[in-house]
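Contents: one structure, followed by commentary.
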Amino acid sequence: MFITSSGYDPDRGHAINDPYLGDIPTLGACMPNIRRLVVPGDHIFTVSGSVPGAPQYVVGGFEVVQKIHAKEAYVRFPKLRVHLDKKGEKIGNIIVDSDGRQNALDTHDGFEQRIDNYIVGRDPIVLTHSKEIMRGRLETLDVLRNLFGKDGAAPIEVMGRWHRLDEDQINVLRRWLIAIKRDS
């Protein structure tokens, strides 16, 4: 489980491109430490970044199916290649170009360390509708406090930037997200 960078909140800030939480969820270049550590069967959950006036929330999560190289991801998931959308915003989480070099739009350092372990997942549970997001914002901090047995005024104080989850914690999060989607 990890917290995205400040300003990344699909409802009130920038869209979250990595992880991609669509039909086939992926985690591309971000969080190389997590991508290196996870194995098939693990789960990855994402908390929105801090945005003034908006409580952070668990955006969603998915189960890890496999880890591939970014060059294979380039071929398999063309719509997830880094590119600019109609508004000129950078989207996508595949940072290689057709030759396997760093995409010109990817300006981060450490390219070689960021192209291994592209995560492909399944069974995404994502809060997308206004009522779901509102409930997620209202309940996330208490859920995290209970999950980790630690008090704090913000997710970063409760779990740090990222935290490894055990099977019980994964099941609690999945059931909670499913309940929000079912009840909204």
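The values are calculated or read from the model by the stated rules, or taken from the named source; none is laboratory data. None of the values given here were measured: they were computed from a predicted structure. When we count neighbours, we look across all protein chains shown, and the Cβ atoms used for this are built from the backbone with ideal geometry, even at glycine.
The table below lists the values:
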| item | result |
| --- | --- |
| Unique residue being closer than 15 Å to ILE3 by Cα and of a type in the set (A, V, I, L, M, F, W, C) when the list is ALA153, ALA104 | ALA153 |
| Candidates GLY7, GLY22, GLY49 - the one that is of a type in the set (Gly, Ala, Ser) and touching an Asp or Glu at 6+ places or on another chain (Cβ under 7 Å) | GLY49 |
| Residue in the stretch 108-122 that is loosely packed, with under 14 Cβ neighbours inside 10 Å, free of Cβ contacts under 8 Å to residues at least 60 places away in the same chain and not charged (D, E, K, R) present | no |
| Which listed residue is over 21 Å from PRO10 (Cβ atoms), modelled with pLDDT under 95 and of a type outside the set (Val, Ile, Thr), from GLY88, GLY100, GLY41, GLY110 | GLY110 |
| Selection status of LEU147, crowded, with 16+ Cβ neighbours inside 10 Å, over 18 Å from the mean Cα position of the chain (by Cα), of a type in the set (A, V, I, L, M) and not in a strand (DSSP E or B) | yes |
| Residue in the stretch 97-107 that is surrounded by the most Cβ atoms within 10 Å (Cβ to Cβ), counting only those that are on the phi < 0 side of the Ramachandran plot and touching a residue at least 24 places away in the same chain (Cβ under 8 Å) | ASP106 |
| Hey, HIS83 more than 17 Å from the chain's Cα centre (by Cα), modelled with pLDDT of 95 or more and farther than 21 Å from PRO40 by Cβ or not | yes |
| Near pairs, Cβ below 6 angstrom, 6+ apart or cross-chain, from the stretch 79-96 (touching a residue at least 12 places away in the same chain (Cβ under 8 Å)) to any residue that is of a type in the set (Phe, Trp, Tyr) and part of a strand (DSSP E or B) | LEU80/TYR20; ASN93/TYR20 |
| Members of the stretch 150-169 that are in contact (Cβ under 8 Å) with a residue 60 or more places away in the chain, surrounded by 18 or more Cβ atoms within 10 Å (Cβ to Cβ) and of a type in the set (A, V, I, L, M, F, W, C) | MET159, LEU165 |
| Leading residue by the ranking (surrounded by the most Cβ atoms within 10 Å (Cβ to Cβ)) among those in the stretch 52-75 that are over 16 Å from the mean Cα position of the chain (by Cα) and within 28 Å of GLU139 (Cα to Cα) | PRO55 |
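So that you can scan it fast, the table gives a plain yes or no per residue for (1) of a type in the set (D, E, K, R); (2) under 18 Å from PRO124 (Cα atoms):
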{"site": "GLU139", "(1), (2)": "yes, no"}
{"site": "LEU144", "(1), (2)": "no, no"}
{"site": "LYS150", "(1), (2)": "yes, no"}
{"site": "ALA153", "(1), (2)": "no, no"}
{"site": "GLY160", "(1), (2)": "no, no"}
{"site": "LEU165", "(1), (2)": "no, yes"}
{"site": "TRP176", "(1), (2)": "no, yes"}
